[in-house]
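Single-structure report; data block below.
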Amino acid sequence: MNNTNKVLIGLIVIMASVLIVFLVLIFKEKTKQPITPNQQQVSNPNQQQVSKEKKYPSDLQGKVYLSLKNKKTGIVGVYFFDLDKNSLEEVESSSECTIIGGEVKNDKMLVSSNCDSENPDVYQIYSDNIKNGGVPITNTPSKFKKEAVWSNDGSKIAFMTNLDNENFSTDFSTKEWMIVVSDLSGNEKLSFNGVLHPFFSPDNNITLASMNHGLVLFDIEKNMVKSIFDFGDKVSAATQIDLSDKKDLLAISNSITNEITIFKINSWDVFEMEEIAKIPVTNAYASWPKFAPNDDNYLIVEELLDNGDIELIAYDLKTKKRHLIFNLNDYEHGELWINDWK
């Protein structure tokens, strides 16, 4: 075989090899699986970032309503943390007055504000869009009204009001406060000095509150007060409490022992309750406990940590596991309330 034929054969072999490689590449490209919209969404880096930021369990749902004072602006307003969207959103605030939230019922929120100079701190009912305005309930000159709650039938409200219109401390000393129960026209049904944190019983006729180192019941119709539980010196006089939506669980945050105690209410007729759980709080001061809307899964609290951080925390009532919800370092601890969870 001469050299010309050898070169020709070599060229043919090279061309055939290139053609085979080219055909193989085309075949592989055609047999690739198409990317579906769902696959594109999973691979979206923004979606992955969102899922990584939300570290708490997926069954933590709903809106946690808060009253917050911004450290930079000094403005006190109402917010909610949307557990489904993992975001803090402002409901209402004003640079001219203080707005503090209360309980939410049937998409209506109880709010206290001192925006009306003639009748400061009038309680108002707001719908979902609080900025559309509201309907006044109370019409009294007291400057400081807080922690407004609905009766179960929506016919009455109860709230704390300050006995001294000039000065009050944020430690909620029982000597400085009273509880008022009124109808939606502002007609007072009951008032009693030296008590804090009101909640209605299932039949709407009894109000549960804390006083000194214990719990008291008010019979609204009979205008009677009865001490029902004494914690002694093991619980701070300024402790905070919460009653579950079903009215069968009670939570108490205890700053003396650094723990949250859960009680089961067995009877309201002859009041009876028993301790069912203690949740230790490590290196933090826990306040403003709020049960989840379905009562039996989680409790949310605000924690002031030893290092100065302020965090919104959820505790699993079954496992006692702690879950960080949101960092609240931009807001003042002393003027922070968890109003409700719906």
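The values are calculated or read from the model by the stated rules, or taken from the named source; none is laboratory data. Given the structure is predicted, the values throughout are model-derived calculations rather than measurements. Cβ sites come from the backbone with ideal geometry, for glycine too, and all protein chains shown count toward neighbours.
One table, with the values for the structure above:
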read-out: Lone qualifier among SER191, SER253, SER182 - being within 22 Å of ASN339 (Cα to Cα), in contact with an Asp or Glu (Cβ under 7 Å, 6 or more places away or on another chain) and assigned to a strand (DSSP E or B); value: SER182
read-out: Total residues in the stretch 77-99, condition part of a strand (DSSP E or B) and either more than 28 Å from LYS54 (Cβ to Cβ) or small (Gly, Ala, Ser) (or both); value: 3
read-out: Residues within the stretch 221-251 that are farther than 12 Å from LYS278 by Cβ and at pLDDT 90 or above, tallied; value: 10
read-out: Given (1) in contact with a strand residue (DSSP E or B) (Cβ under 6 Å, 6 or more places away or on another chain); (2) at pLDDT 85 or above, index of the condition GLU188 fails; value: (2)
read-out: Given (1) at pLDDT below 95; (2) assigned to a strand (DSSP E or B); (3) under 17 Å from LEU336 (Cβ atoms), index of the condition LYS278 fails; value: (3)
read-out: Some residue of the stretch 252-261 being modelled with pLDDT under 90, more than 23 Å from the chain's Cα centre (by Cα) and of a type in the set (Gly, Ala, Ser); value: no
read-out: Qualifying residue in the stretch 67-83 (condition: under 14 Å from the mean Cα position of the chain (by Cα), surrounded by fewer than 19 Cβ atoms within 10 Å (Cβ to Cβ), modelled with pLDDT of 95 or more and within 20 Å of PHE326 (Cβ to Cβ)); value: yes
read-out: In the stretch 297-319, residue surrounded by the fewest Cβ atoms within 10 Å (Cβ to Cβ) [restricted to those that are of a type in the set (Asp, Glu), over 11 Å from the mean Cα position of the chain (by Cα) and more than 14 Å from THR261 (Cα to Cα)]; value: ASP306
